[in-house]
1. Can you list the residues of the stretch 68-95 with backbone N under 19 Å from a point 7 Å past the Cα of Tyr127, pointing along Cα to Cβ?
2. Determine the shape class of the stretch 99-255: with a ≥ b ≥ c the square roots of the Cα gyration tensor eigenvalues, call it rounded for a/c under 1.5, and otherwise prolate if a/b is greater than b/c, oblate otherwise.
3. Taking the stretch 195-255, which trypsin sites (Lys or Arg not before Pro) meet the DSSP loop condition and have no more than 11 other C-beta atoms within 10 Å?
4. In whole Å, how far is the Cα centre of the stretch 30-57 from that of the stretch 121-190?
5. Hey, in the GNM for the chain with a 10 angstrom Cα cutoff, which one of Met183, Met204, Met64 fluctuates hardest?
6. Convert each backbone phi in the stretch 41-57 into a coupling constant with the Karplus relation 6.51 cos²θ - 1.76 cosθ + 1.60 (shift: θ = phi - 60°), then list the ³J(HN,Hα) values in order as whole Hz, x for Gly and Pro.
7. So, R0 is 25 Å and r is the distance between the beta-carbons of Ile231 and His190; what FRET efficiency does that work out to, to 0.05?
8. Working from Cα positions, state the angle (0 to 90°, nearest 10) between the long axis of helix 133-146 and the longest principal axis of the chain.
Amino acid sequence: MGKVYHIGLTKKVVRDARLVLLPGDPFRVGEISKRIDPDATQIACSREYCSYLASSGDNKILVMSTGMGGPSTSIAVDELASLGLKIFLRVGTCGAIQKNIKPGDVIVTSGAVRLDGASTHYAPVEYPAVADYRIVNALVESSRSLNIKAYTGVTASTDTFYPAQERYDSFSGHVLKRFQGSMNEFKKLHVLNYEMESATLLTMAASFGLSAGCITGVVVNRTTSEKIKKINLATGEKNAVKVAVNAIKQIMKVC
Ligand code: URA
């Protein structure tokens, strides 16, 4: 097998890496991979997919961006699985919808409401988007050891940032009837947060017989504010990455 089409990687360059850390943003991959290994190097950069290879003990760890949303995430996961990757750990940001959750806290997704489209091309809507419980446990333990407040539970994972997350501060200001009141409804159903990639990732990995997890840093609490402040973005991103990187050794041990 040569280079896979979109992500520009080969089996040879990923060097038997089993775990891939998946941020959304290509511009954060370098900095995240250097937290694992100061000597991590870039091995490809193609469209929204930027890849670095890092070492953690005897293991190679791949860090690759997914871009935003289900379609680009599905290509990333599909092509990485075909290169032999087995463990997929998304690290990103989210908006909380429960009152008690604060910017800077982290959310460990145990399962996702599938408000994406891409996952329905891999498994029927009745199929659950669930995380590997061993990864959930490792992430919870990692945040406890770092003294970072973590909440574990259900995430609403959407294809759009504006209408499906019931945001009215968009170009048209219009939210389709089916999404009007949806934030309050999900709040009542004890959904913790909104983000845009976990439904696709968790459905694909579970249905492929592979392992996946998702940790996101809270950058806004939608019950009190619509604005994402720079300081909250920085703290949310930083805390999620800290917890994810600190959990890698344990995840490699149990998965
Ligand atoms: N990412 C999302 O998808 N929604 C938010 O509110 C914040 C980050």
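Where a number appears in this text, it was derived from the coordinates with a stated rule and is not lab data. What you see is a predicted model; the values in this text were computed from it and never measured. Glycine also receives a Cβ, built like all others from the backbone with ideal geometry; neighbour counts cover every protein chain displayed.
1. Within reach of a label on Tyr127: 70-90.
2. It is oblate, given that a/c is not under 1.5 and a/b is not larger than b/c.
3. Lys227
4. 27
5. Greatest mean-square fluctuation among the candidates belongs to Met183.
6. Residue by residue, the stretch 41-57 yields 10, 6, 10, 6, 8, 8, 6, 7, 9, 10, 10, 10, 10, 10, 10, 9, x Hz.
7. 0.35
8. For helix 133-146, the angle is close to 80 degrees.
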